[in-house]
1. Given points 7 Å out from each Cα along the Cα-Cβ axis, report the residue 92 to residue 228 separation in nanometres with one decimal.
2. Give the value in nm², to one decimal: projected area of the alpha carbon convex hull of the chain, averaged over all directions.
3. Treating the angle as unsigned and between 0 and 90°, give the value, to the nearest 10°, between the Cα long axis of helix 181-192 and the longest Cα principal axis of the chain.
4. Just add up the charged neighbours of residue 286: K/R +1, D/E -1, any other residue whose Cβ is under 11 Å from the Cβ of residue 286.
5. Ranked from highest to lowest mean number of other Cβ atoms within 10 Å per residue, what is the order of the peptides 274-287, 211-224?
6. When the helices in the chain are scored as -39500 (n - 2.57) per DSSP H run of 4 or longer and the sum is shared across all residues, what 222 nm value do you end up with, to the nearest 500 deg cm²/dmol?
7. Rounded, prolate or oblate: which one fits segment 206-249, using the alpha carbon gyration tensor with axes a ≥ b ≥ c (rounded when a/c is under 1.5, else prolate when a/b beats b/c, else oblate)?
8. Provide 59, 124, 111 in ascending order of the number of other Cβ atoms located within 10 Å of each residue's Cβ, fewest first.
Amino acid sequence: MDYQSIINKIYNEVQPEVGKGRVADYIPALRNIDDHQFAMAVVTVAGKEFTVGKTDENFSIQSISKVFTLTLAMKDIGNKLWERVGREPSGTSFNSLVQLEYENGIPRNPFINAGAIVVSDAIFEGRGKTKNRILKFVRELSGNNTITFDEEIAESERIYGNRNRAMANLIKSFDNLTNQADDVLDIYFHQCAIAMNTLDLAKSFLYLANSGIDPKSGQQILDSRMCKKMNSLMLTCGLYDAVGDFAYRVGLPGKSGVGGGIVAVVPNELAVAVWSPALNKYGNSYAGTKALELFTTYANNSIF
C-alpha cells in the first residue's frame, strides 16, 4: 500500500477544512494556537513511517493520554478497575456532572474526564512518582526521551479546571476516590499536558495495532485479550459523544483530545495520527476527522 501517496492526497483535499471550527479556548494556554495547522503520520507494525504536514510540531495530547493511563491501570489491577468505572458510551458531554451524580459517582467509561480521574487515582503512587511513571511510559512507547509535560498548559488546566475539580470532589463524596482530589487532579492535569508530535503519537499506539506487543522493542505492553478490550473501548467511547459518527465515517478504534489530535489503529497493520487544532462541536478535530475518513476510504482498511 502506498501510504505516502494516500496521505499526500489527503493533505491536499483537507486544506479547505483546516481552520474550520474553533480551538479549545476554555483552556487559556490553548487559546492562541494557530488553528490553520495540519499534520498526519502513519507508522506500520513493520516499522515504515509516512508523514505529511507539520509532523515535527509538538501539541498537547489532552485526552489521548487517557489511553496510556488506562493501559497502566489495566496492567496494575486488571478487571478490578471495572468495579469503579463503567464501559459504556456516555451519550453526554465528556465533562458532565449530571450523569456522574445520577450514577452514584461511577463514571460511565474511562475516557470521559470523570473516568480518567478515577483511573489516575487507581495508578496513584504519589504525585511525583506517578507523573514520572506516565512520562517514562510514553517515552518508551514513542522511542523519544525528550517528550515532556507542557507546564504552562498543566498550570492553565489547574487554574481553570473548576469543572474537573467539581467532578473529582463529587467522585470523592461517593467514596470512589482513594486519594485526595487535588493530588489526583495534579496527575490528571499533567497527563493531559503531555506534548508530542503526530509521528511520536502514532509510534506510541503501535502496541494496540499489534496484539499488545510493541513492535519496536518486542515488549508485551498488554496481553492480547486486554488489547482487544482497549481497542473495543476506543471504538465505543474514544471520541466523546461522537463515537457513533466516527465509527460510521472512519471505522477504526481511536482516541481524540481537545488539543486537536486524533490517533487510530488498524489492527495487525498500523497506527495513524492526525493533528489540526480547530475542533467541531463535539471537541474533536474538524479537519482531523475528515482526514481519517478519507484515509480509510482510500486505503480500504476500515475494520468493518
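Laboratory data are not the source of any read-out in this text; all were calculated from the coordinates shown. Here the structure is a predicted model, which means the values were calculated and not measured. Positions of Cβ are generated from backbone atoms using ideal geometry, with glycine treated the same way; all protein chains shown enter the neighbour counts.
1. Inter-label distance under the simple model: 3.2 nm.
2. Reported value for the Cα convex hull: 13.4 nm².
3. 0 degrees
4. Once positives and negatives cancel, what remains is +2.
5. 274-287, 211-224
6. About -13500 deg cm²/dmol.
7. Prolate.
8. Ordered by Cβ neighbours within 10 Å, fewest first: 124, 59, 111.
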